[in-house]
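Okay, structure first, notes after.
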Amino acid sequence: MSIADAFASFPRAPGELAAVVPPTELVLAPGDVEETAAILETASDLRARVLVWGGGTHQGIGHRVEPDVVISTAALDRIVAWEPDDLTLVVEGGVTVAAVEAMLAERGQTAALPEWGGPATVGGVVAAAISGYRRHRYGPTRDRLLEATIVTGDGRVVRGGGRVVKNVTGYDIPRLVAGSFGSLGVIVSVCFKLWPLAERRATVTVDDAERALQTLFRPVAVLETRDGVSVYLAGTEAEVQSEAERVDGVATEGFAWPDPPQGETVWSLRVPPALVSEGIGRLPADWVFVAEHGVGHLRCAGRFDAAAVAELRGWAEEAGGALVLEHAEDQSVYERLDPWGTPPSGMALQRRLMAAFDPAHILAPGRLPGGR
Amino acid sequence: MTLQTDLVGLLGPERVLSSDLDRFLYGKDAGVYRGEVTVVALPETTDEVQEIVRIAARHDVPVIPRGAGTGLAGGAVPLGGGVIVATTRMNQIFEIDAANRCAWVGPGVINLDLSRAAAPYGLHFAPDPSSQSACTIGGNVANNSGGPHCLAEGSTVNHVLGLEVVLADGEVLVTGGKAPDPVGLDLRGIIVGSEGTLGIVTKALVRLTPNPPDVRTLLITFDSVEDAAATVSGIIAAGLVPAALEMMDQRMTEAVENWLHAGLPTDAAAILLAEVTGDTPAVEAEADVIRQVARGHRAREIRVARDEAERTLLWKGRKSAFGAVAQAAPDYYLHDTVVPRTKLVETMREVYEIGERYGLTMMNVFHAGDGNLHPLMMFDASEPGALDRVHAAADELVELCVRNGGVLSGEHGIGKEKRDLMHLMFTPVDLDAQARLKEVFDPDGRFNPEKILPAGSRCFDFGRPVPEGAWI
């Protein structure tokens, strides 16, 4: 029996969805936890390689995987529980960032998911541990993840964490899932801690990012691009006005977020926060970037230059950071260098952890650092 | 060579404790459980911790990491003998990196000492348990400790950037660092809150938080606990996340006022301590919101701390509450559970009912803004059966909170105390997954055995043989 035959009884993803999923024609779209578990159990039996697919937004990250089956989370798209008065939200993994934030905004709340997220799914954002620009104020995505339910590689339904804002009850499996890139399980649902949206929001253009960071108590973001530095402020009318005056900049109403950088290759440069300005200076002159001051993250993009990338990566790793490939138009880039850079210490432990969740090693095999 | 002589050979006689008195003292944490200690080791370096772990393995005895012993869930209590590895001498602050707002510290550094050391840079370590003048950073990491100011700042896990850990095989793992988002699986989050069951943290890189430019601390008085609880829910629902939002009931207020003399209203059914931080316009606006909500719930009096001295006094009252209760009864049992904030009013009502049913005086002082309850049950341990009654009431409290959508522990951990209640929150499959995780780190079950997970958690074998090397 072929792999396709073995999965014949499971729902296929609709045609238009399959069109955005390139690596295999066999794209399944389970509608609930049980169906997801049944698919993974079958896949483990067959040792069929599985790639989990949300919006496809972060599929450029990591070693390339050649899956036998893609599991799309498109049909796992329900809002499970929203408690506005408790500032918590439980959603299924396939719900898009745009849908979540639009819904929350109606009651003046936010999950602080990536501002450019749009078609990305919450499951994908969690799996890739992607944080938005507002991280300086609200912390990274993994800090706002309270609970996660996953289906492991061998079809077990495992829930960790809880739906309250403070919790130390057992091992924090949700945090391990954040950034696991689909190697531990399919993220079926997650619970986020929410934040109230401030009454007034403003974007202020300033000259000096470092000075703004020192002057302001806790700005939402201080971002720098080739166009200059912008400070993002949120709070009461009086607060935002006084902060804008103190950084001596030109304020405009609302948040004007920069578009994420695009190019032949896209990279995530991670360094200690104090090195952001130096990092900007070290980027190839024709690359574009969004630098998050105070956070230590720069997303940058441009033509691929192996020597320049090696030099930048060497500097970042020397400083305790990393230069991670997030997207390359030319797939051969993934062969010419390690998309993650130098693997972290404790790789044997990492592999054993993956085996505990995915004994048959079918989930995105080889995608994480040290995978090839 | 005996275990004792091996350890003395490594650490010298001064740093290996095995007298009857020492073994008695280290047989307990700040909770109610006592265990049997074989020997206590006091390492000063990572190398020594590695060697202790190897010695323990050679003699096949458990290793129980311990900080200051302020834990309440029995996390540091040895359940089957073993080497207590007390990290209190590993109390060096290696680096305060003000530019990157972080510090590398030894696990034995006392929480408050770190904030004091960071003060010249305008920074502090945000988690502030009531025991902060005694508890260690290593203990905070082990229990994912909280504190009043975790409402806005998050618990310890949100403030740990990197860890150096000695694993079961004696090897050192360094995970995380000053740069955000380390590549690979994020092991930091698994180790934080693991209560010494996965390894021994020998260094921690912690985030330091800027001291706020301005602060307002409000003391709000209510004639009913329900109005106070409803005010907490109302403040959160109004879209405000204050820096802290603490509640104290009448019995607790009386106990605190009796020795502190801060002018706390002892005739009030409940008081709320609310704090907002930030720029002056922000704290003024937020204090106004709190006043409005409180008045809407029949607040009797709203007092704003006039100066730092008064603010300090109010916080002293809050954070020393557990000491103050000694006058009310010889012993107390402090509980720690969490409910969704929207369930505070009904949960509080039932908490008092449980106290009445078991004939136990219930006192409450807790992190209301997080929904993190801390009912204190007063009792006299010398009275036969009293502790059993307390345990029965405690189990019922946990069941109540889980039924209301909450969890077993917010910041004290599971330890021994709630290990056998884990099934209230998790399915056998969930627990099995956690047991597998423990097994990955500690295949021989050497680190702090019989904690967190109930016996028999590792029960599922799906019987799917994995070919050798399939996942390598």
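The values are calculated or read from the model by the stated rules, or taken from the named source; none is laboratory data. Every value quoted in this text rests on a predicted model; they were computed, and no experiment measured them. In this analysis, Cβ positions are derived from the backbone assuming ideal geometry, glycine residues included, and neighbour counts consider all displayed protein chains. Side chains are part of the model used for accessible areas, which takes the heavy atoms of the whole protein and leaves out ligands, DNA and RNA. Shrake-Rupley method; radii C 1.70, N 1.55, O 1.52, S 1.80 Å.
Averaging 1/r over each pair of different alpha-carbon atoms in chain B and inverting the result gives 23.3 Å, the Kirkwood hydrodynamic radius.
Which FRET efficiency, nearest 0.05, do B:Arg458 and A:Asp45 yield, Cβ-Cβ r, R0 22 Å?
Working: r = 23 Å, r/R0 = 1.02.
After rounding, the FRET efficiency stands at 0.45.
Ranked by the mean number of other Cβ atoms within 10 Å per residue, highest first, peptides A:222-235, B:124-137 order as B:124-137, A:222-235.
Between A:Asp5 and A:Asp227, the simple spin-label model (points 7 angstrom out along Cα→Cβ) gives 5.7 nm. Residues whose amide H falls under 5 Å from that of B:Ile64, counting only those 5 or more places apart or on a different chain, are B:Val83, B:Ile84, B:Val85, B:Asn448, with hydrogens built in the peptide plane.
One Cα centroid belongs to the range B:107-126, the other to the range B:315-393; the line between them spans 30 Å. The mean count of C-beta atoms from other chains within 10 Å of the C-beta of residues in A:234-245, rounded to a whole number, is 4. Each residue of the range B:320-336 was assigned a 3J(HN,Hα) from its phi angle through the Karplus curve 6.51 cos²θ - 1.76 cosθ + 1.60 (θ = phi - 60°); the sequence is 9, 4, 5, x, 5, 6, 3, 6, 8, 6, x, 9, 9, 10, 9, 9, 8 Hz, with glycine and proline shown as x. With q set to 0.21, 0.22, 0.28 Å⁻¹, the log10 of I(q)/I(0) for the range B:47-118, from the Debye formula over equal scatterers at the Cα positions, is -0.94, -0.98, -1.21.
Using the structure shown, list the pairs from B:Lys178/B:Lys316; B:Lys319/B:Lys343; A:Lys193/B:Lys319; A:Lys166/B:Lys416; B:Lys319/B:Lys438; A:Lys193/B:Lys451 with a Cα-Cα distance above 30 Å, or answer none. Where the Cα-Cα span goes over 30 Å, the pairs concerned are B:Lys178/B:Lys316; B:Lys319/B:Lys438.
What is the Rg over Rh value, at two decimals, for the range B:342-469, using alpha-carbon atoms and the Kirkwood definition of Rh?
On the way: Rg = 18.1 Å, Rh = 16.9 Å.
That ratio is 1.07, to two decimals.
For the protein assembly as shown, a Kirkwood hydrodynamic radius built from all Cα pairs, placed in the Stokes-Einstein relation at 20 °C and 1.002 mPa s, yields a translational diffusion coefficient of 78 µm²/s. Counting Cβ atoms of other protein chains within 10 Å of each Cβ in B:153-162 and taking the mean gives 3. Between the helical axis of A:347-357 and the longest alpha-carbon principal axis of chain A there is an angle of about 60 degrees. Inter-chain neighbour count for A:123-136: the average number of beta-carbon atoms from partner chains within 10 Å of each residue's beta-carbon is 1.
Please find the FRET efficiency linking A:Glu317 to A:Arg201, where r is the Cβ-Cβ separation and R0 is fixed at 41 Å, and quote it to the nearest 0.05.
0.65
If R0 is 30 Å, what FRET efficiency do you get for B:Glu301 and B:Thr361 from their C-beta distance, rounded to 0.05? Calculated transfer efficiency: 0.70. For a paramagnetic label modelled on A:Phe217 (point 7 Å from Cα along Cα→Cβ), amide N atoms under 12 Å away belong, within the range B:279-303, to B:279-287.
Interface area, chains B and A: about 6900 Å² of buried accessible surface, summed, with a 1.4 Å probe and ligands, DNA and RNA left out. Sorting the segments B:144-156, A:331-343 by their mean number of nearby beta carbons within 10 angstrom, highest to lowest, gives B:144-156, A:331-343. If you take the Cα centroid of the range B:8-47 and the Cα centroid of the range B:210-235, the two points sit 43 Å apart. Here the range B:1-150 is assigned +1 on the Cβ of each Lys and Arg and -1 on the Cβ of each Asp and Glu. Its dipole about the Cα centre then comes out at about 280 debye.
Let me spell out the model: positive unit charges on the Cβ of Lys and Arg, negative unit charges on the Cβ of Asp and Glu, origin at the Cα centre of the range B:3-86. What dipole size does that give, in debye rounded to 20?
Roughly 260 debye for the range B:3-86.
Phi angles across the range A:125-141 convert, under the Karplus curve 6.51 cos²θ - 1.76 cosθ + 1.60 with θ = phi - 60°, into 3J(HN,Hα) values of 5, 5, 4, 8, 6, 8, 10, x, 5, 7, 4, 4, 8, 9, x, x, 3 Hz, Gly and Pro given as x. Quick one: with all protein chains in place, what share of the accessible area of the range B:168-212 is carbon or sulfur, to the nearest percent (1.4 Å probe)? Solvent-exposed carbon and sulfur of the range B:168-212 make up 45 percent of the total.
Taking the mean number of other Cβ atoms within 10 Å as a proxy for protection, how do you rank B:189-196, B:49-56 from highest to lowest?
Details: B:189-196: 27.0, B:49-56: 22.1.
Ranking the peptides B:189-196, B:49-56 by packing returns B:189-196, B:49-56.
Rolling a 1.4 Å probe over the heavy atoms of the protein chains gives chain B an accessible area of 35 Å² per residue.
The range A:65-117 and the range A:124-176 have Cα centres spaced 13 Å apart.
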